[in-house]
Each structure stands twice: as structure tokens, then as C-alpha cells.
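I have placed the structure first, in the form of C-alpha cells, so that the comments after it can refer back to it.
The values are calculated or read from the model by the stated rules, or taken from the named source; none is laboratory data. None of these values were measured; they are calculated from a predicted model. Because the Cβ atoms are built from the backbone with ideal geometry, glycine has one as well, and the counts that use them run over all protein chains shown.
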Amino acid sequence: MIVVGERMVDDGAVVGTSGFYVDVTDVIQSDVSTVVSDVVASRAEIEQAKGVLMATYGISADRAFEILVRRSQETNIKVRDLAARFLTALIGRISTDTRTHVDHVLLTLG
């Protein structure tokens, strides 16, 4: 709620107020939902890119993120955009041997 109002005065003394209330709940909720959805989508791409780096190089999540940040700074591309481009560039480029190994590990876990 936003309250828009003003004082009513009589000879310098406040005798009341006048104004109105504006309910902005729906507008704010919509804006918040949009921002949260965007953040979640960006975060997911960053986490996926980190996972690829972690699996490929056998490094920690922190180290993978450091690599993304460093490349982001070197290329002047936001981390989330860099992660998205990185993932897009990898689609269809994983070798058959890698896929076979991943399949084998998945099927033999347990």
C-alpha cells in the first residue's frame, strides 16, 4: 500500500488529513516474480556451466566459479551470459566416448 495524503491545518494547527490509498500489491508481486524467475534461470545456467567445468577438470565448485568470473572479466561478458554461451557452444560437442562413459557410470551406480 502507498498512502498519498496531506495535512489539513487550521491557523497552523493540524486538524486532520486527506488523501487516498493505492494498492500496488499486484504490480509489485508481478515485478518480484519476474525478477526472481530471471535470477533462477541465470543461476541455473551458471550452476550448469560450473558443473561442466568441475566434471571436466576435477575441480571444486568455487574454482569453477572463479574460472567463469575470470573469463567474464577478460571478455567483458556478464557471468550469466558467459555461462549461457558456454553451454550453448557445448551442445552436441560431447564425444561419443564421454557419453558412453557417463552412461556406464549412471547405469552401474547402486
Exercise. Please work out which one of (1) touching a residue at least 24 places away in the same chain (Cβ under 8 Å); (2) surrounded by fewer than 10 Cβ atoms within 10 Å (Cβ to Cβ) is the condition Ser42 fails and give its number.
Key: (2)
Practice problem: Spot the failing condition for Val22; the list is (1) in contact (Cβ under 8 Å) with a residue 12 or more places away in the chain; (2) under 30 Å from Ile94 (Cα atoms), and only one is missed. | Solution: (2)
Exercise. Residue by residue through segment 9-50, note down the ones that are acidic (Asp, Glu) and in a helix (DSSP H, G or I).
Key: Asp26, Asp31, Asp38, Glu45, Glu47
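Answer yes or no: is there a residue in segment 86-105 that is surrounded by 13 or more Cβ atoms within 10 Å (Cβ to Cβ), at pLDDT 90 or above, among the hydrophobic types (A, V, I, L, M, F, W, C) and more than 16 Å from Gly51 (Cβ to Cβ). Give the derivation first.
Residues of segment 86-105 that are surrounded by 13 or more Cβ atoms within 10 Å (Cβ to Cβ), as a first pass: 86-87, 90.
Subset that is at pLDDT 90 or above: 86-87, 90.
Pick out the ones that are also among the hydrophobic types (A, V, I, L, M, F, W, C) and you get 86-87, 90.
Next, from what is left, pick out any that are more than 16 Å from Gly51 (Cβ to Cβ): none.
No, there is no match, as no residue in segment 86-105 is surrounded by 13 or more Cβ atoms within 10 Å (Cβ to Cβ), at pLDDT 90 or above, among the hydrophobic types (A, V, I, L, M, F, W, C) and more than 16 Å from Gly51 (Cβ to Cβ).
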Quiz item: Of all the residues that make up segment 36-56, how many are under 14 Å from Leu90 (Cβ atoms) and out of contact with any helix residue (DSSP H, G or I) (no Cβ under 7 Å at 6 or more places or on another chain)?
Solution: 3
Quiz item: In segment 74-94, how many are more than 16 Å from Arg43 (Cα to Cα) and either among the aromatic types (Phe, Trp, Tyr) or touching a helix residue (DSSP H, G or I) at 6+ places or on another chain (Cβ under 9 Å) (or both)?
Solution: 3
